[in-house]
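Here the structure is laid out as C-alpha cells; the discussion comes afterwards.
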Amino acid sequence: MTKQFHDNILSHTALDQLFNEARTYNGWLDKPVSEQQIRAIYDLAKMGATSANMQPGRFVWVTSQDQKEKLAKLASDGNKDKIRAAPVTVIIGYDIDFHEELPWLFPHTDAKSWFEGDEEGRKEGAFRNSALQGAYLMLAARATGLDCGPMSGVDLDGLTKEFFADQPKVKADWVCSIGYGDKSTIFERSPRPDFGKFNTIV
Ligand SMILES: Cc1cc2nc3c(=O)[nH]c(=O)nc-3n(C[C@H](O)[C@H](O)[C@H](O)COP(=O)(O)O)c2cc1C
C-alpha cells in the first residue's frame, strides 16, 4: 500500500465492520430500527456515485407487519420468514424514466436529452446504477452499526405491481433486510477468490 493510502485509511475496526467481518444474516434479533436510522442510511448512501448523478434507485422501506406479510408472500419459501422477522426490509427498484429528474440532479448540462428516445439505454443505466446504489446502501447500513440480509429470491413482477403501482416506469430488482443480525443464523464464510484468480493488471 502506498504512503498516500496509509495516511487516510480507515481503522482496522472500521474496515472489519464494513468488509472483513460483515456477514449476510438469515435471522434477526428482536430489536427495532427507527425511521431516524433508515433516513441516516439513505443520507449516506445517496452520496455514492451514479452515472451523471442519475440516482435511478427507488426504495421502499417495509416496516409494518401487514406490509412485511405482503412482501413475504412474494418471496421464495426460504426467504419468507427472514422478511417477517427483520425490523425492516428495503425493496430496491429502478426508474427507467430517471432522466426526467436530470435537469435538477445534473444541472450543469442538458443530460436529459442524452436519454430521450433511448429506453433500452435508460434501462441499462438504471439497472447498473441502482445496483450500485443498493451496494452503497448496504455499506451505509453497516457503517451505522446495522447488519444486512440481501435477497433476490423474490417475485419481481409481483413486487413491482404491489409496491411500485403508482410509478409505472419503476421495476423492483432485489430486497435487503436490515437490522441487528442474529449471529447464530450466519452460514460458514464462503471462500473469496485471491487477486490472481479474477484480476489482471495491464
Ligand atoms: C443481490 C443478492 C441476492 C441474494 N439473494 C439471496 C436469497 O434470495 N436468499 C438467500 O438466502 N441469500 C441470498 N443472498 C445472500 C448471499 O448468498 C450471501 O450474501 C453471500 O453468500 C455472501 O455471504 P457473506 O456476506 O456472509 O459472506 C443474496 C446476496 C446478494 C448480494
> Which residue out of H108, H99 is out of contact with any Leu (no Cβ under 8 Å at 6 or more places or on another chain) and more than 26 Å from I41 (Cα to Cα)?
Replying inline: H108
> In segment 121-145, which residues are among the polar types (S, T, N, Q) and either more than 13 Å from the ligand (Cβ to nearest atom) or assigned to a loop (DSSP other than H, G, I, E, B) (or both)?
Replying inline: N129, T144
> Restricting to segment 146-168, what's the tally of residues that are more than 16 Å from the ligand (Cβ to nearest atom), part of a loop (DSSP other than H, G, I, E, B) and either crowded, with 18+ Cβ neighbours inside 10 Å or within 16 Å of the chain's Cα centre (by Cα) (or both)?
Replying inline: 1
>> I'd like to know if segment 5-26 contains one or more residues that are outside any loop (DSSP other than H, G, I, E, B), within 16 Å of the ligand (Cβ to nearest atom), surrounded by 19 or more Cβ atoms within 10 Å (Cβ to Cβ) and in contact (Cβ under 8 Å) with a residue 60 or more places away in the chain.
In response: no
> So, in segment 26-57, of the ones that are among the basic types (K, R) and out of contact with any Phe, Trp or Tyr (no Cβ under 7 Å at 6 or more places or on another chain), which residue ends up farthest from F127 (Cα to Cα)?
Replying inline: R39
> So which helices (runs of 4 or more DSSP H) are wholly in segment 62-120 and hold at least 1 residues that are within 16 Å of the ligand (Cβ to nearest atom) and within 15 Å of K161 (Cα to Cα)?
Replying inline: 65-73
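Residue by residue, here is whether (1) closer than 30 Å to G179 by Cβ; (2) surrounded by fewer than 18 Cβ atoms within 10 Å (Cβ to Cβ) holds:
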{"residue": "S51", "(1), (2)": "no, yes"}
{"residue": "W61", "(1), (2)": "yes, yes"}
{"residue": "D77", "(1), (2)": "yes, yes"}
{"residue": "A86", "(1), (2)": "yes, no"}
{"residue": "L102", "(1), (2)": "no, no"}
{"residue": "E116", "(1), (2)": "no, yes"}
{"residue": "K123", "(1), (2)": "no, yes"}
> K183 passes all but one of (1) surrounded by fewer than 12 Cβ atoms within 10 Å (Cβ to Cβ); (2) within 10 Å of the ligand (Cβ to nearest atom); (3) closer than 22 Å to A140 by Cα; which number fails?
Replying inline: (2)
> Of (1) touching a Phe, Trp or Tyr at 6+ places or on another chain (Cβ under 7 Å); (2) in contact (Cβ under 8 Å) with a residue 40 or more places away in the chain, S152 satisfies all except one. Which?
Replying inline: (2)
>> With the requirement that a residue be surrounded by fewer than 22 Cβ atoms within 10 Å (Cβ to Cβ) and closer than 18 Å to S51 by Cβ, what does segment 135-145 give you?
In response: A135, Y136
>> Filter segment 28-49 down to the residues that are in a loop (DSSP other than H, G, I, E, B), out of contact with any helix residue (DSSP H, G or I) (no Cβ under 7 Å at 6 or more places or on another chain) and either crowded, with 18+ Cβ neighbours inside 10 Å or not hydrophobic (A, V, I, L, M, F, W, C) (or both) and list them by number.
In response: D30, K31, P32, V33, S34, K46
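All of the numbers you see were taken from the coordinates with simple rules; none came from a lab. Remember, it's a predicted structure, so these values are computed and weren't measured experimentally. Please note: Cβ atoms are built from the backbone with ideal geometry, for glycine as well, and neighbour counts cover all protein chains shown.
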